[in-house]
Amino acid sequence: MDWTLGIDRQREALVRMVAALLVMAGDGAVLPRYVRTGIWRVLRPAEAAFRRLIVVVKVVFKIEAGARVSRAAPLIPRVSGGAVARIPAFALFDARKSFKPRSSVKGRKPVPRIRFFDEVQVFEPVVVISPDDAVSAAHLMRRLKALHLALGDVPKQARRLARWEAKRQAVRAETGKYIAPMRPGKPPGHRDRGRHPVDFVLKDCHEMALYALHDPPDVDGKSGA
């Protein structure tokens with residue numbers, strides 16, 4: 001398998017998608033609800049796909065904490081920008097699954113409906129949620145820009161992951177607990193019947209990461225397959 005070619009193809013696909021999302025978001029201060037929802041539907045699987053691509057780069061090119069990236073790795077130019085320091089670092093680990101049972105009661109908790117003849121009933125206005133409502137997109141834009149910046153330097157993200165894993169291995173030696181960057185099971189944002197291009201990129205990156213972890217390539221970056 002040509003790992004470098006596969007990594008570059010998946011990264012280029014993610015770069016195009018993120019560029020399209022940035023155009024949709026505009027300045028990103030306030031967005032219509034339907035626009036923000038549409039961006040989230042692509043951003044979550046794109047983040048999960050890129051996390052798996054970082055795992056592939058780290059494993060294939062044997063990047064360790066504090067080590068320099070080999071020239072065999074896909075060296076990608078850094079993204080230049082204005083307020084880069086204000087953009088949060090890209091999250092390298094999947095959000096953990098919550099196994100807490102969800103409450104079946106939505107909205108207000110049930111209370112006894114007691115009425116008296118002499119009471120004044122005040123009816124609260126019904127809030128109607130519209131897809132055209134203007135909603136805040138600050139959190140969305142921070143994550144979108146973090147992904148955009150991280151895509152500009154994949155080896156740097158692989159080194160970050162190597163440092164984090166070294167710290168977690170030390171914690172594992174003391175406590176026995178360890179959290180991997182990829183959570184078990186289906187990745188975040190996975191859709192069984194997804195037809196958006198990001199669904200196929202996520203599927204490919206997830207399979208590449210599993211393959212790299214279970215069948216590590218040789219020193220030259222090539223596996224036996």
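The values are calculated or read from the model by the stated rules, or taken from the named source; none is laboratory data. Just so it is clear, the structure is predicted and the values come from calculations on it, not from any experiment. Cβ coordinates were reconstructed from backbone atoms using ideal geometry, including for glycine residues, and neighbour counts include every protein chain displayed.
Tyr178: farther than 26 Å from Gly28 by Cβ, more than 15 Å from the chain's Cα centre (by Cα) and surrounded by 15 or more Cβ atoms within 10 Å (Cβ to Cβ), yes or no? Judged against the criteria, Tyr178 is not a match.
One residue stands out among those in region 20-47 that are free of Cβ contacts under 8 Å to residues at least 24 places away in the same chain and of a type in the set (Gly, Ala, Ser): the one that is surrounded by the most Cβ atoms within 10 Å (Cβ to Cβ), which is Gly38. Please determine whether any residue of region 97-118 is under 29 Å from Val15 (Cα atoms), at pLDDT 75 or above, under 18 Å from the mean Cα position of the chain (by Cα) and surrounded by 10 or more Cβ atoms within 10 Å (Cβ to Cβ). Looking for residues that are under 29 Å from Val15 (Cα atoms), at pLDDT 75 or above, under 18 Å from the mean Cα position of the chain (by Cα) and surrounded by 10 or more Cβ atoms within 10 Å (Cβ to Cβ), one finds at least one in region 97-118, hence yes. Looking at this structure, is Arg68 in contact with a Gly (Cβ under 6 Å, 6 or more places away or on another chain), modelled with pLDDT under 90 and in a loop (DSSP other than H, G, I, E, B)? Against the criterion (in contact with a Gly (Cβ under 6 Å, 6 or more places away or on another chain), modelled with pLDDT under 90 and in a loop (DSSP other than H, G, I, E, B)), Arg68 does not qualify.
Annotation note: of His148, His190, His206, the sole residue that is closer than 21 Å to Ile87 by Cα, out of contact with any Cys (no Cβ under 6 Å at 6 or more places or on another chain) and either at pLDDT 85 or above or surrounded by 13 or more Cβ atoms within 10 Å (Cβ to Cβ) (or both) is His148.
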